[in-house]
Every structure is written in C-alpha cells, then in structure tokens.
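Some notes on the structure that comes next.
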Amino acid sequence: MFRTTAYRHPSEFPILLLTFLISIAVVILSAFLTQCLSLLIVVFILGMSIVSSRSMQAQLMRKAFLVSPERSPELAKVVQVCEKRLQPGSLDVYVVRENVVNAYTFGLSKTKTIVLYEPMLRIMSRGELAFVLGHEMGHVSLGHTWLNTFIGGLAGSPSPFGISYIMYLVFQRWSRACEYSCDRAGLLACGNLKLAVSALVRLAAPKIQTQAEFEQALTMIDAQDDAFVNQLAEMFQSHPMIIKRINALKEYAASPDYASLQANVDRNLQA
Ligand SMILES: [Zn+2]
C-alpha cells in the first residue's frame, strides 16, 4: 500500500515553529506583565495605606494636645521616666480628647507620635500609665510603626486563590507577637509586674473602680482562654487575649533575662 505525506506544504513546518516560538514568547510576556501589574498594585496599595493613615492621623491630631511639662506636668514626668529607661529615640506624646480607652503609636518619619486617649488619664495610676507608655515606646524602638504600615499594606494586597486571606491571618499573628514584645517593654518601663497586670485589666474593663470590681474583672479575664470560640476568634485579631498577655508577662517577669534587663534600664534613671 502506498502511503505518503509528501504533499505537506513546505510552509507548514516553519509556520509551526514560528507559532510555537510566538506562543512561548506570549506566555513569558504575559507572566512578566502580570508580575509587573501585581507589583504596581502592591505599590499603589502601599501608597494608599500611607495616605489613608496620614489623613486619619491628621484628623486625630485636631483633637489632641502635646504633653509638655507646662501643660501636663504629672504625665510629662511619667513620659520622661519611660523615655529614660527605654531610650526609644525621638517621639512626641499627645493626648486626644475622645471617649476611647486606648493608646497607639504611628509615624514613618524620624519623630514618632504616641497617642493616649484622655480617659486613660482618669482610670490609670502613674505606674499603670508608665506600662502603657512603655508598651507604645516598645513599638517605636522595635520599628513596628513602619513595619505595620508596609507589611499591613502588603498583607492587604489582592491575590488569587484566597492567598490574601492567609496573608491576613499571618499578619495578625505577627501583630500579636509584637504585642507580647511591647508588653515586655511596658513592664521594663514601669518596673512593676503588679502595675503592668492592673494596667492590662483596666484596658479590658475600664469601668472598674473598687478592689472588689477589680478582682471580679480578673476572674472574668481568667476564664477567657477556656472557651474554644475565644481561641478561634483570636486568630483574626491583632491583639492577643488579655489573659494570655498577663500570663506571658508573669512568665517573663520570673525569668533571669528580665531581671538583668530591668537592672540595666533602671541604671539609665541614674544617668
Ligand atoms: Zn501595642
């Protein structure tokens, strides 16, 4: 039986080769363009997160006053002691007139800003405020202010296959690790475990006034980590459960590392 493929047109092979090469080139180019586009999106989101945090901060600052020895001598002294102990570098502390029990830190430039909301001054003693201020100074010293903006921006970038969700969870995990670090800074700044613990209790239960209410709040906080649903909810939160923070601080306070660091930062007070 005579069988032939000699009728194949001479242009078929070169065109096949060309088609193959062009297809490969298109795949490579489109992968490259997708990468460039992803990078552009990430840069855009980072830019947006910087702009939005700046405008939020500017809005907040309109309701704030700078803590100075003239305007708030008591608080300025607490700030000074914390700064001497922790040496966080250039920062300003502001008090915001708003009915929120919170404190936080921001800033991408050399001088960072720590914000205390006014009710904190009413519900906390000087020692407890030193814990809160020390905690915020820890965020400054450890570079969390800019890391938070950049990593938060990256973790918020859109990505396929639910990867953005994984990035969000990992970012929250990192954020909780930062909180444990800064609680240690807070303890070093106030130099007293009991004050550090009571500051954390007051953050969780700001309305407590008497010792009995304090003990009651502590019992409730103590039960936090018993519930599985709370453990699960924590995965999505930027801050660990208060009871976990208290337990981590107690453990740290009993360590030789803490004792030697505390002795060293205390020495700064004499300098
Ligand atoms: Zn914090």
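The values are calculated or read from the model by the stated rules, or taken from the named source; none is laboratory data. Please read these numbers as outputs of a predicted model, since none were measured by experiment. Heads up, the Cβs are rebuilt from the backbone with ideal geometry, glycines too, and the neighbour counts pull from every protein chain shown. Heavy atoms of the whole protein, side chains included, go into the accessibility calculation; ligands, DNA and RNA do not. Shrake-Rupley method; radii C 1.70, N 1.55, O 1.52, S 1.80 Å.
Some values worked out for this structure:
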item: Greater than 27 Å apart at Cα, pairs in LYS84/LYS250; LYS77/LYS207; LYS63/LYS110; LYS77/LYS194; LYS63/LYS194; result: LYS63/LYS194
item: Cut-off 13 Å between beta-carbons: net charge of the residues surrounding LEU269, Lys and Arg +1, Asp and Glu -1; result: +2
item: Computed [θ] at 222 nm, deg cm²/dmol, the chain (DSSP H ≥ 4; -39,500 (n - 2.57); rounded to nearest 500); result: -22500 deg cm²/dmol
item: Global size of the chain as Cα Rg and Dmax, reported in angstrom; result: 27.4, 109
item: Accessible carbon and sulfur surface of the stretch 1-54 relative to its total accessible area, %, 1.4 Å; result: 79
item: Portion, in percent, of the accessible area of the stretch 103-238 that falls on carbon or sulfur, probe 1.4 Å; result: 62
item: For the stretch 124-270: accessible area per residue (Å², 1.4 Å); result: 52
item: The chain: angle of helix 126-141 to the longest principal axis, Cα-based, in degrees nearest 10; result: 30
item: Residue-wise HN-Hα coupling along the stretch 92-105, computed from phi with Karplus coefficients 6.51, -1.76, 1.60 (Hz; x: Gly, Pro); result: 10, 10, 10, 10, 9, 7, 8, 7, 10, 9, 6, 8, 7, 10
item: Most fluctuating residue given options LEU232, LEU129, LEU116, as computed from a GNM of the chain linking Cα atoms under 10 Å; result: LEU232
item: Gain in span if fully extended, LEU29 to ARG62, counting 0.36 nm per residue against the direct Cα distance; result: 6.9 nm
item: Computed magnitude of the charge dipole of the chain (debye, nearest 20; Cβ of K, R +1, Cβ of D, E -1); result: 580
item: For the stretch 191-207 versus the stretch 82-108, the gap between their alpha-carbon centres in whole angstrom; result: 17
item: Rounded to 10°, Cα long-axis angle of helix 163-190 versus longest principal axis of the chain; result: 20
item: Amide proton proximity set for LEU91, modelled H, under 5 Å, gap of 5+; result: LYS112
item: Relative contact order (percent, whole number), the chain, Cα cutoff 8 Å, 6+ residue spacing; result: 17
item: DSSP bridge orientation in the stretch 1-158 - percent antiparallel, rounded to nearest 5; result: 55
item: Potential lengthening between LEU40 and GLN216 on full extension [0.36 nm per residue; Cα-Cα distance subtracted]; result: 58.1 nm
item: Using θ = phi - 60° and Karplus 6.51 cos²θ - 1.76 cosθ + 1.60, couplings along the stretch 13-29 (whole Hz; Gly, Pro as x); result: 5, x, 5, 4, 4, 4, 4, 4, 5, 5, 4, 4, 4, 5, 4, 4, 5
item: Acute angle (nearest 10 degrees) that the helix 242-253 long axis makes with the longest principal axis of the chain, alpha-carbon atoms; result: 70
